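Right, one structure below, let's go through it.
What follows draws every value from the coordinates through simple rules; no lab data is involved. None of these values were measured; they are calculated from a predicted model. Neighbour counts are summed over all protein chains in view; Cβ atoms, including those assigned to glycine, are modelled from backbone coordinates with ideal geometry.
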Amino acid sequence: MKITMKKKKTVLVRVLGASLLAVFVWSGCGGNDDGEREGEGEGYSASIADTAAGGDASVSSRQKGTARIATVARPKSDKVIMVVVDALRADGLGCYGYPKDTSPTIDRVAKEGILFERMHSASPWTAPSFGTFYTGVSPTVHGAGSMLARGSSKGTTLFGVTVGGIRKDLPTLPRLLPPEVRKGAIINNSFVSKELGFARGVDDFDHRNAHLTRYRTADEVTGIAVKWLEEHWDGPFFLMAHYFDPHIQYGPPKKYLAQFAPDRPRRIAYPFVDHHPARDGTLKPNDAEKAYIRGLYNGEVRFADDQIGVLIGAMEKVGLMDDTWLIITSDHGEEHFDHGSFEHGHRYEEEVVRVPFIVRAPGGKWKAGTRIADPVSHVDILPTILDLYSVPSLPHFEGRSMFPLLDGKERPDRTSYMEFNLFKGQQCALFDGRYKVVWDFRRNRAFMYDLKEDPGELTKLGKEHPMYEGMLERVKARREELTRQAKGKVFDKSELSQEAADALKSLGYIK
């Protein structure tokens with residue numbers, strides 16, 4: 001029985017006060033002294049069916065890599081929750097083919113929604129990718145995460161690194177949403193801060209710096225999210241909830257060790273924090289040690305997944321999942337020695353830059369079970385979110401809404417461009433749906449992968465391949481164009497369509 005809006009808040013408070021309150025108890029930064037964290041829950045896993053029975057005809061057949069989709073009216077709702085799980089590699093989830101049981105909640109969301117098989121991040125690390133979430137343009141243009149001279153007054157220095165923030169003349173996601181929409185963000189990364197422009201336009205910016213061994217864990221994030229929803233779900237809202245746990249350090253609650261990392265090798269500590277020797281090659285782990293480290297990461301993924309399940313379970317019990325769009329994605333992935341290195345921030349292989357992107361419509365029936373094979377990118381996320389609120393895209397956006405793909409209306413030449421190393425030089429990469437070229441523009445060196453013939457990216461291709469020169473020219477041209485844009489005025493209201501101009505005037509962004 002669906003609960004009316006007037007009763008929802010009372011019911012959720014009662015739910016929290018009874019069976020779920022213990023889930024949200026914060027046991028201290030990084031867990032108790034013995035490494036145990038309280039508050040793991042199954043939540044959504046037990047409360048929502050495995051399939052969206054009774055939904056629209058799902059799409060199983062494909063033509064040229066894209067599903068054929070019957071046109072069905074898209075549900076309308078001005079309530080959106082965007083869950084960002086830090087350092088979450090797509091191939092570490094069951095719905096993307098991973099054999100271990102890391103993601104029962106996310107897998108069920110995928111069955112009730114639309115899964116994009118080839119979403120690529122804007123960057124291999126957090127600040128540039130979040131900047132693209134906010135602006136719809138590449139890092140070179142928005143500036144967040146740009147490497148500046150240490151101590152430069154133009155940026156913010158954290159952990160010995162000085163980085164730039166989102167340029168002030170760019171419209172951001174919170175400011176582009178209609179004024180009646182309540183905007184909230186629960187952020188747990190030091191580089192996604194007010195100082196770097198990420199609080200701009202956000203009504204409720206709940207930020208916590210994350211340190212290697214001290215950070216806000218998934219159970220507390222879920223508790224804060226539910227409390228925020230108690231206060232704001234009667235009207236239109238946008239909430240971004242950021243779960244940090246799969247990021248290094250790897251120290252999942254002990255509950256998950258038996259399932260994912262039961263046998264600790266002598267050299268590898270729990271929690272695992274030795275990312276520097278792992279990344280620079282001095283650790284040299286053997287196969288058993290690699291498996292244990294990956295197991296700890298898997299435990300963190302499952303912990304975050306379970307807590308997302310608690311959040312969704314609380315929403316489900318009061319009917320909020322019937323009128324809310326849910327998006328699940330990540331800022332970047334994570335390498336676990338797949339290509340001889342570790343962590344993220346410096347490479348462009350799939351384990352680092354291919355991230356999940358799943359959209360569930362209100363009610364979990366519209367396009368349920370759809371899988372889209374076309375390549376998409378972080379630059380497409382902002383136009384897609386604005387589409388949900390009937391806000392038009394702006395001319396300077398690099399991406400475009402992904403919804404035309406769902407209706408089979410578009411056969412695009414979509415490419416994914418990635419850039420901004422955190423360390424180990426500066427590179428950029430371009431993926432066209434088959435070939436990926438990685439260019440070290442400071443050393444003028446490049447290589448290419450053919451992901452159709454070599455999905456594991458085991459063979460680097462060069463001048464001997466007939467596609468190499470063309471791909472190299474494309475990535476060079478893309479970087480040159482973005483550099484040119486970044487030096488000028490990116491947002492020019494004179495280029496707006498009348499519809500876009502009217503929308504921005506109504507938001508108070510232009511006069």
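Quick look at the numbers
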| item | result |
| --- | --- |
| Point-charge dipole on Cβ atoms (K/R +1, D/E -1) for the range 208-362, about Cα centre, debye to 20 | 620 debye |
| In sequence order, calculated HN-Hα J values of the range 273-282 (Karplus, 6.51, -1.76, 1.60; Hz; x Gly/Pro) | 10, 7, 6, 5, x, 5, 7, 8, x, 7 |
| Net +/- balance of residues flanking Leu158 in space, Cβ distance below 14 Å, scoring K and R +1, D and E -1 | +2 |
| Interchain or long-range residues, amide H under 5 Å from Glu335's placed H | Glu343, His344 |
| Net charge of neighbours whose Cβ lies under 11 Å from the Cβ of His339, counting Lys and Arg as +1 and Asp and Glu as -1 | -4 |
| For the range 351-363, 3J(HN,Hα) per residue [Karplus equation, 6.51 cos²θ - 1.76 cosθ + 1.60, θ = phi - 60°, Hz, x = Gly/Pro] | 4, 9, 10, 8, 10, x, 8, 10, 10, 10, 6, x, x |
| Under 5 Å, built H, 5+ apart or other chain: amide partners of Ser103 | Gly94 |
| Neighbour-count order for His378, His247, His142, His232, fewest beta carbons within 10 angstrom listed first | His232, His247, His142, His378 |
| Cα-based convex hull, the range 335-475, per residue volume (Å³, whole number) | 151 Å³ |
| Estimated D of the range 162-268 in µm² per second, where Rh is the Kirkwood radius over Cα pairs and Stokes-Einstein applies at 37 °C, 0.692 mPa s | 205 µm²/s |
| Amide H partners (placed H, <5 Å) of Lys183, local residues excluded | Asp203, Asp204, Phe238 |
| Relative packing of peptides 149-157, 333-341 - highest average C-beta neighbours within 10 Å first | 333-341, 149-157 |
| Theoretical FRET efficiency, 1/(1+(r/R0)^6), r = Cβ-Cβ of Arg442 and Ala258, R0 41 Å, to 0.05 | 0.30 |
| Alpha carbon centroid spacing (whole Å) that separates the range 187-266 from the range 69-140 | 16 Å |
| Spacing of the two label points (7 Å from each Cα toward its C-beta) at Arg266 and Asp280, in nm | 2.5 nm |
| Relative contact order (%) - the range 119-209, alpha-carbon pairs under 8 angstrom, separation at least six | 23 percent |
| Integer Hz, Karplus 6.51/-1.76/1.60 couplings in order for the range 418-434, x for Gly and Pro | 9, 6, 6, 6, 7, 7, 6, x, 9, 9, 9, 9, 9, 10, 10, x, 9 |
| Summed side-chain charge close to Ala361 - residues other than Ala361 whose Cβ falls under 9 Å, Lys, Arg +1, Asp, Glu -1 | +3 |
| Size of electric dipole in the range 376-452: Cβ of Lys, Arg +1 and of Asp, Glu -1, about Cα centre, debye, nearest 20 | 400 debye |
| Debye, to nearest 20: dipole size of the range 297-452, +1 on Lys, Arg Cβ, -1 on Asp, Glu Cβ | 400 debye |
| Cα-only Debye scattering, the range 141-214: base-10 log of I(q)/I(0) at q = 0.14, 0.15, 0.23, 0.24 Å⁻¹ | -0.48, -0.55, -1.06, -1.11 |
